[in-house]
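For reference, the structure is listed below as structure tokens.
The values are calculated or read from the model by the stated rules, or taken from the named source; none is laboratory data. Computed from a predicted structure; not experimentally measured. Counting neighbours? That spans all protein chains shown, and the Cβs are built from the backbone with ideal geometry, glycine included. Ligands, DNA and RNA are stripped out before the accessible areas are found, and what is left, the full protein with its side chains, is counted by its heavy atoms. Shrake-Rupley method; radii C 1.70, N 1.55, O 1.52, S 1.80 Å.
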Amino acid sequence: MTTPTPAVAVVIPAKDEAARIAATIRGVRTIPGVATVVVVDDGSSDGTATVAAREGAEVVRLARNHGKADAMMSGLGRVTGLQRVGRLARDAAVLFADADLESSAGAVGALVGPVHRGEADLTIAILPTQRGSAGGHGLVVGLARTGIEELTGWTPTQPLSGMRCLSPAAVEAATPFARGWGVEVGMTVDVLGAGLTILEVPCDLHHRVTGSDWRSQVHRAAQYRDVALALGVRRLRRRLGPG
């Protein structure tokens, strides 16, 4: 008798990704076990939601931009709703993927196996060097890596990688997510703090990189702020102790 492939729910936060979302959805649908794809349109001004719906995704549309963490939480809300009405298994893993992965999106499936086999509660994608220059100086990555190591004793390779697969236990430990761009750092610290396991997995994924213009620098400043806040909150919790 063939053992059925455990279910996977894919959640894709997206803003103004009408040109790329279709290819990304098609890519993640090639992953064995994918039972549903939820696209959260985070206040897009283009046709992201329309294209995603045309591709058969469950679409959550936010009227205005709420930021990455809130979009991810909204996607989890739809996943929970599908589980409640029996359209998705209660023990489904949740796989987060960026909207701009396009044809490389299927490679994020490498994160699923270790979670389904019980080897890890959270898997994180390690991406190859991306095409084009990121234009940054590594300040945000350095803050995130040092902060995670200080709080948990574990040193991540790519602490801000957004491609992640979570077991139900990891979802419970990591929610509610840290605000904004601090979501990945908060998730890592909270999952390890709950005594769960994390595994980094190389994935051949490609997406747009942040440039060096003023908008990109503003984005990095927001990232730095949110990562610092996420770490600060968790340091305070540790200082205060249980309860």
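A few comments on the model shown:
- Here residue 45 meets each of (1) in contact with an Asp or Glu (Cβ under 7 Å, 6 or more places away or on another chain); (2) hydroxyl-bearing (Ser, Thr, Tyr); (3) within 26 Å of residue 110 (Cβ to Cβ); (4) open to solvent by 10 Å² or more (accessible area, probe 1.4 Å) with one exception, condition (3).
- Matching residues in segment 40-99 - criterion: being part of a helix (DSSP H, G or I) and either of a type in the set (Phe, Trp, Tyr) or in contact with a Gly (Cβ under 6 Å, 6 or more places away or on another chain) (or both): 69
- Matching option when the condition is touching a helix residue (DSSP H, G or I) at 6+ places or on another chain (Cβ under 7 Å), under 25 Å from residue 27 (Cβ atoms) and either at pLDDT below 95 or surrounded by 17 or more Cβ atoms within 10 Å (Cβ to Cβ) (or both), among 230, 174: 174
- Check on residue 199, within 25 Å of residue 34 (Cβ to Cβ) and open to solvent by 40 Å² or more (accessible area, probe 1.4 Å): yes
- Criterion: basic (Lys, Arg) and surrounded by 18 or more Cβ atoms within 10 Å (Cβ to Cβ) - qualifying residue of 117, 164: 164
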